[in-house]
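Notes follow once the structure below has been shown.
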Amino acid sequence: MQDRFFIAAQLRQIAGLLQIKGENPFKARAYERAADALERLDGDLDALVTSRRLTDIKGVGAGLAAAIDELYRTGKSAMLERLREELPPGVVEISSVPGLNLKKIVALHAALGSENLSDLKAAGEKGLIRTVKGLGEKAEAKILAAIGRLETREDRVSLDRALKEGERLVRHLRAAPEIAEADIAGVLRRRKETVRRIVFVAASRSSKKALDRFLNFPAVAQSLERAADRCSARLAGGLHVELNVVAPEDYAGALHYFTGSKKHYARLEELARRKKITLGPRAPRAAAGKKIAAQDEKQIYRRLGMRYVPPELREDEGEIEAALAGELPDLVTIDDIQGMTHCHTVYSDGKSTVEEMARAAEVMGMKYLTITDHSPNAFYARGVKIDRLMAQWEEIDKVQEKVKIKLLKGTESDILDDGALDYPDRILERFDIVIASIHHRAKMDAGQMTRRIVRAMRQPIFKIWGHPLGRLIQSRPPLECDMEKALDAVAESGAAIEVNGDPRRLDLEPRWIRAARRRGIKFIVSTDAHSTLALQNLRYGVFMARRGWLTRGEVLNTLDTRAFREAVRP
């Protein structure tokens, strides 16, 4: 009999192979969700199997129940074996190289016998990849460069996945009577785009009981290390977690210390020494070694003579100087956001209807929602041609009669290769909001891409530059362009910039947000939602905005409906 972690791993392999093969994405996601559910299962898997109640697990239907039962009893899956037979060996590993789809992987395997990244790298170093039909010298160089990045990259997971795991574990810790307080620290608390390890801090008078509670979390697959006041473990999905236990009076100091960053903390230690204060993983101490009472981190910063620095800013990028001078901005919060922006529906590549999106946003307390489906050039995303656009507008008007939330008619208009915007001007002028995005890179070099962006920003219509650099975290690099010139063009034209909350994008990155705000550019914080569930992306957009030092006054969708509509009118 196999345990739930083994079964979950096999289900994830099936999901990965289904995705590579290009089968129904909903089917692949169903296997992923079933794997998640098994890893988080609090009940007895043996009992569920023997009593034929696997469908009691959320998201597990009859088909998935049969697959789980087969893996549990035999350790094998007929579907997984069939997929492995249909696809080249090593397809999952090789598919991690950006730009290599199944067709190219099959061609590489047929021509070169490549079964893993090592084989592919060796072939490329011999100049053999360029000989494969459909590839060439440039493709070979890109593949080798991508393999190099993969070889040096640490195993990291996306912010959203790490945060969901972290929040579940925190709830597990806080539910224990022996734990007074518990929270996430480290890079996850600072909201970095990817996470290698989740660090937790807990306050307890019994470190043994706190550590036992941590290691009894259902998703913990392996205990890695344990000491008197700390331990580390590996979760079923491969993510490493670490808990540090301190006495309740030391909690604020420990949370501050383990949040980091190292550079930020080192600068604070310099300031503390001048005031004869010692910082560290416990409560701050005065010169004589006496503990300085600190109920929270704000008191620590106050004792150092500065304003409180939010975790998102603790990177030693000017925040300490600003805090000392009393000039640290009041960062935008999720409660400041009054409207959902950049939302897709079934009219293009969304999964929810106009009405479903409207009602979901209304439940979240939003005052307005922008419907911004793809423009015709995005044919792969069922871009909306003018005749269907008219039908969409009619539907928006009908739904508006049923809901209180204000629905704004918009588009995510493609920035074409020459810098023009998709849709003729007579249509663009009728929208309430235009988000202008690049989806097709056209193999442009940095100079060509810069000129394309500058032309687009100078188009005589107000627009918001959508997911500006087009990155997909850990899978697609940003566009190559002269970003300083592009931002100058945005500032000159009076355009605005999107901070995209899709966890795969989180675009712009903070350094460019700060460069833009120095030019006085305004922003929207968007969800890029393709479903009602994805409206929850809003918090990730706010995280990035805060890391970029944005205030409420710099974010347009903190405005009320009338003011927002006036601000973004094309």
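The values are calculated or read from the model by the stated rules, or taken from the named source; none is laboratory data. Remember, predicted model here, so these are calculated numbers, not experimental data. FYI the Cβ positions are ideal-geometry reconstructions off the backbone, even for glycines, and counts take in every protein chain you see. Just so you know, the surface numbers come from the protein's heavy atoms only, side chains and all, with ligands and any DNA or RNA stripped out. Shrake-Rupley method; radii C 1.70, N 1.55, O 1.52, S 1.80 Å.
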Query - Long-range neighbours under 6 Å by Cβ, at least six apart or interchain, first residue hydroxyl-bearing (S, T, Y) within segment 40-61, second surrounded by 10 or more Cβ atoms within 10 Å (Cβ to Cβ) - result: T55/A65
Requested in this report: Look through segment 234-289, keep the residues that are farther than 20 Å from R189 by Cα and of a type in the set (A, V, I, L, M), and return whichever of them is farthest from the chain's Cα centre (by Cα).
Outcome: A288
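With the structure loaded, tell me whether A456 is part of a helix (DSSP H, G or I), out of contact with any helix residue (DSSP H, G or I) (no Cβ under 6 Å at 6 or more places or on another chain) and open to solvent by 40 Å² or more (accessible area, probe 1.4 Å) or whether it fails that test.
No; evaluated as a whole, the condition is false for this residue.
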Requested in this report: Kindly indicate the residue of segment 504-518 that is in contact with a Leu (Cβ under 6 Å, 6 or more places away or on another chain) and not in a helix (DSSP H, G or I) and also surrounded by the fewest Cβ atoms within 10 Å (Cβ to Cβ) among those meeting that condition.
Outcome: R504
Report task. For segment 304-336, enumerate the residues that are open to solvent by 20 Å² or more (accessible area, probe 1.4 Å), of a type outside the set (G, A, S) and over 31 Å from the mean Cα position of the chain (by Cα). Result -> L324
Requested in this report: Evaluate the following for S204: is it polar (S, T, N, Q) and surrounded by 14 or more Cβ atoms within 10 Å (Cβ to Cβ)?
Outcome: yes
Query raised in the report: Does Y301 fit the bill of being free of Cβ contacts under 8 Å to residues at least 40 places away in the same chain, open to solvent by 20 Å² or more (accessible area, probe 1.4 Å) and more than 22 Å from the chain's Cα centre (by Cα)?
Result: no
Query raised in the report: Looking only at segment 502-534, which residues are closer than 17 Å to F564 by Cβ, in contact (Cβ under 8 Å) with a residue 40 or more places away in the chain and not charged (D, E, K, R)?
Result: I524, V525, S526, T527
Report summary line: Subset of segment 519-535, residues in contact with a strand residue (DSSP E or B) (Cβ under 7 Å, 6 or more places away or on another chain), over 17 Å from L556 (Cβ atoms) and either part of a strand (DSSP E or B) or open to solvent by 50 Å² or more (accessible area, probe 1.4 Å) (or both), comes to A529
Report task. Would you point out which residue out of G383, G365 is modelled with pLDDT of 95 or more, over 10 Å from M340 (Cβ atoms) and not in a helix (DSSP H, G or I)? Result -> G365
**Report entry** Residue list for segment 418-436, filter: without any contact (Cβ under 8 Å) to a residue 60 or more places away in the chain and surrounded by 15 or more Cβ atoms within 10 Å (Cβ to Cβ)
**Finding:** G419, A420, L421, D422, Y423, I427, A436
Report task. Could you run through segment 280-335 and say how many residues are within 30 Å of A247 (Cβ to Cβ) and of a type in the set (S, T, Y)? Result -> 2
Report summary line: Checked A182, A176, A139, A146 against criteria (free of Cβ contacts under 8 Å to residues at least 60 places away in the same chain, among the aliphatic types (A, V, I, L, M), assigned to a loop (DSSP other than H, G, I, E, B) and crowded, with 17+ Cβ neighbours inside 10 Å); the one match is A176
Requested in this report: Determine which single condition C343 fails, assuming it passes every other condition in (1) surrounded by fewer than 21 Cβ atoms within 10 Å (Cβ to Cβ); (2) in contact with a strand residue (DSSP E or B) (Cβ under 8 Å, 6 or more places away or on another chain).
Outcome: (1)
Query raised in the report: Somewhere in segment 57-75, is a residue assigned to a loop (DSSP other than H, G, I, E, B), out of contact with any strand residue (DSSP E or B) (no Cβ under 7 Å at 6 or more places or on another chain), within 26 Å of R33 (Cβ to Cβ) and among the β-branched types (V, I, T)?
Result: yes
